[in-house]
Structure formats: structure tokens, C-alpha cells
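These notes concern the structure reproduced below.
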Amino acid sequence: MWRLTLQRHPFLLWRSEPDQVRLRELATLFLARKEFCGANELPVTDEMAVSIAAQAALPVLNLGLGLYDGFVGIVVHPDQVIARREEIDEDGVVHQFDEELSGEAMQGGPVMLSWRDVQSAGDSCQWGYNVAIHEFAHVIDMADGAANGTPPLPDPNTRNQWKRVMGSAYNRFCSDLNRRRPSELDSYAAKSIDEFFAVTSECFFVNPRVLRSEFEDVYALLKSYYAQDPAKFIDP
């Protein structure tokens, strides 16, 4: 089952043997600590759980599972779900709308994932998309109590540097998007700074060349934080 998981996910198969051994250890511990539930009568098989665990373990490969201690439950839906949203604009007017979700991470859990999107991770990595890593990046972001695009960092200087680099890149991305300049990064990253962090994180792990070529400064920042350099495994 583990061999099949690696073979189905190129961004895991690239990895060195020591990384794969460590990844398997973390995925095993993750499975022991978390509870999986299938929505709409979806049976969560061992194969499905291992796939999710392996992808969840990748961002914390050198950070440890402690960043995931704030939640236990993982809810797996067969497909994307429709969530009813409500927002209040600057004039105090309430707007209600439906939002289609392939995943969602909430403070304290659970983490929700669309199995259709998780299952296609081996193909969708071509365009830097990975819903599992995206949602677990949100979990990491929220580990210090706030979903603000800044993960737990050791000191104020490091946090200030992070905010400067990430904030500048986010503003640049939004500006380029408004000017219709082409980008391989998912436009969903423009929704907010925390989504920018999650989108750049998923791209960092599954299609690092794209992120490094468009946002070299963000790539360097994530390389330092995650203590990983995924691009080195696919560079000629």
C-alpha cells in the first residue's frame, strides 16, 4: 500500500530514500493520532487514509507533527461541497452566497477534503494543485491561533521578515492578476494573504519549479521555513 501511494504521487516518489522513510514514519503516527470519517456514506478505506496521511505529513517532514495537535477529525466527502456563506460589507449590508469547496480547515478541526480532488493529486500536481497540502498548510498557519498567512515563527524579527516578503509577493501577485498578466499560480491565491500562503505552499511541494520561477523570494522563504528544497529532486 505504501509503495502504491508513492507511485501514484510523483512529488513523493521524487524524494530521497531517507525522506521517504521519514515520511512513512510520520504518516504512520498521523494515522494513529487522527480520526477519519466519510461523509454521505463514503467508506474511508485504508488506502484512502494512507494517501491523505502521506500528503499531510509532507509539509511537516522536518517540523514534526506537533503542528497538527490542534485537531483530530478529518472528514472526507466524495466530491466538492457547497457551503452557505455570509459576509458583511463596509456599509454593513449582509451578503449571502454559495461557495464550492474542495477542502476546508477550521480552527480546532475538523479538516474537510474532497476525495475526488485528493485522488487526482498525482495528475493535478502538474499545475501546482494539491488540496490536501493546501488545507494542512492552513492548519500550520492556524497553529499560532490566527489564520493570517504567517505560521508559528520563533521571534519578532523572523515574523517581520516573513510578513515583508510574503506581503510584498501577495500584493505583486494581485496587481499582476488585475493587469491580466499570465501566471501559473492558482488565481485563488489572490483571495487573501492566508490563501496565498496555502496556495504557494502546495505549489512549493508538488511543482516547485513553477513557484521558484515566478516567486523566487517566496520559494526561498518557504524553503527556510519548511527546511526542505523540493526543486533539488527534479532539477537536471
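Where a number appears in this text, it was derived from the coordinates with a stated rule and is not lab data. Given the structure is predicted, the values throughout are model-derived calculations rather than measurements. All Cβ positions, glycine included, derive from the backbone under ideal geometry; neighbour counts span all protein chains shown.
Points to keep in mind about this one:
- Cα-based shape type of segment 2-73, given that a ≥ b ≥ c are square roots of the gyration tensor eigenvalues and the cut on a/c is 1.5: oblate
- Cα centroid separation - segment 5-59 against segment 127-145, whole Å: 15 Å
- Estimated from the Cβ-Cβ distance and a Förster radius of 22 angstrom, the FRET efficiency linking GLU47 and ARG116 is about 0.90.
- The modelled label-to-label distance for the pair SER168/LEU4, using points 7 Å beyond Cα in the direction of Cβ, is 4.8 nm.
- Overall form of segment 45-152 per C-alpha gyration tensor (a/c, 1.5; a/b vs b/c): oblate
- Computed E for ALA39/SER224 - FRET, C-beta separation, R0 25 angstrom, nearest 0.05: 0.10
- Calculated FRET efficiency for the pair TRP127/GLU100, C-beta based, R₀ 25 Å, to 0.05: 0.90
- ILE82 versus PHE233: modelled label distance in nm, points set 7 Å from Cα along the beta carbon direction: 3.9 nm
- Shape class of segment 93-236 from the alpha-carbon gyration tensor: rounded, with the ratio a/c of largest to smallest axis under 1.5.
- 17 Å cut-off, amide nitrogen to a point 7 angstrom out along VAL93 Cα→Cβ, residues in segment 174-212: none
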